[in-house]
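Input: a single structure, listed below in structure tokens.
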Amino acid sequence: MELAENCVTVEDREHKWKLLYDKYVRYLFIASAGLMAVIILSIILFIGQQGLLTFKEVSPSEFFFSTKWDPSEGSYGAFSFISGSVLVTLLAVVLGAPLGLAGAMFMAKIAPARLRNFMRPATDLYVAIPSVVYGFVGLTILVPFIRETFHASSGFGLLAAAVILAVMILPTIISISEDALRAVPRTLEEASLALGATRWQTLWKVLVPAALPGILTSVILAMARAIGETMAVQMIIGNTPQLAKSLFMPTATLPSEIVVEMGNTPFGSAWGNSLFLMALVLLLLSLGMILVIRRIAKERVG
């Protein structure tokens, strides 16, 4: 009896310690999430507060709808940078998303296990390559190729930046999309094949729709990286404050222009505040794109 009571006491103590441990770990996770939310909110408030001071000297219509950027003359039109960021991001996703999805489908459902075990680490390795390396490759190889092939005046512009960004976002799309495709229950695939569907029909009409939320998540993350990419884009887009009217015309994006001019602007001036406002616009553009994609995903899934 005493032995049984001792065993029960030990088990009760272990159970109480586990409950206590789970309780404090839960509080730790909540505190960590709250701390991250406070940090992000503080950054947004600081950037927003400093950026909105721009409107003391610059009208909102001039900042958002004018393409003339010349701080020496007091002109702070950022429309060309906003349009450049949006266009280069969308073009990069248009080029990179189909290739990434095709690579994910191949690695998830077509490639042999030995080849997949080799390709997955190789794909993940691309994430570790610094963006300046991509920019240097684009500067030395892609820009001259575009200049000679398409007879562009310089080779710098939206196309060069979009191609480099498309390559940079491929690992994100491939990795997350492959996990989403492999998470689809195998019974769906077997049922489709049993009903007489071909391998391609099963992949395209069964597996891809079932894995669509995960695929769209990969696109969202890819867009977030593309629109915020700085160094690679800054090296090959031309960094010219003008509205791009063709794929081969040099222009600039919000991140590239901020990097180029942030070292020359005095803090608190209209010039410096306008750069903070451009950073705020960049944050809002990223948030808007994420919300749009999530809305589309919700409608497609529903």
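With respect to Leu195, is the statement that it is at negative phi, free of Cβ contacts under 8 Å to residues at least 40 places away in the same chain and surrounded by fewer than 18 Cβ atoms within 10 Å (Cβ to Cβ) true?
For Leu195, the condition - at negative phi, free of Cβ contacts under 8 Å to residues at least 40 places away in the same chain and surrounded by fewer than 18 Cβ atoms within 10 Å (Cβ to Cβ) - is met.
Can you spot a residue in region 175-186 that is under 27 Å from Ala279 (Cα atoms) and of a type in the set (Ser, Thr, Tyr)?
So far as region 175-186 goes, no, none of its residues is under 27 Å from Ala279 (Cα atoms) and of a type in the set (Ser, Thr, Tyr).
Six or more apart or on different chains, Cβ atoms under 6 Å: show the pairs whose first residue is in region 104-133 and assigned by TED's automatic domain parsing to the domain that holds Glu189 and farther than 15 Å from Val167 by Cβ and whose second is in a helix (DSSP H, G or I) and charged (D, E, K, R).
Ala104/Glu178; Met107/Arg116; Met107/Glu178; Ala108/Glu178; Ala108/Arg182
Residue pairs, Cβ under 6 Å, 6 or more apart or interchain, first in region 142-158 and farther than 16 Å from Thr240 by Cβ, second polar (S, T, N, Q). List them.
From region 142-158, no pairs qualify.
Determine whether Thr202 is within 30 Å of Thr253 (Cβ to Cβ), of a type in the set (S, T, N, Q) and part of a helix (DSSP H, G or I).
no
Could you identify the single residue in Leu247, Leu221, Leu243, Leu212 that is hydrophobic (A, V, I, L, M, F, W, C), surrounded by fewer than 19 Cβ atoms within 10 Å (Cβ to Cβ), in the same structural domain as Leu285 (by TED's automatic domain parsing) and within 16 Å of the chain's Cα centre (by Cα)?
That would be Leu221, the only listed residue that is hydrophobic (A, V, I, L, M, F, W, C), surrounded by fewer than 19 Cβ atoms within 10 Å (Cβ to Cβ), in the same structural domain as Leu285 (by TED's automatic domain parsing) and within 16 Å of the chain's Cα centre (by Cα).
How about region 179-197: which of its residues are outside any helix (DSSP H, G or I) and over 34 Å from the mean Cα position of the chain (by Cα)?
Leu195, Gly196, Ala197
The values are calculated or read from the model by the stated rules, or taken from the named source; none is laboratory data. What you see is a predicted model, and the numbers here were worked out from it, not measured in a lab. FYI the Cβ positions are ideal-geometry reconstructions off the backbone, even for glycines, and counts take in every protein chain you see.
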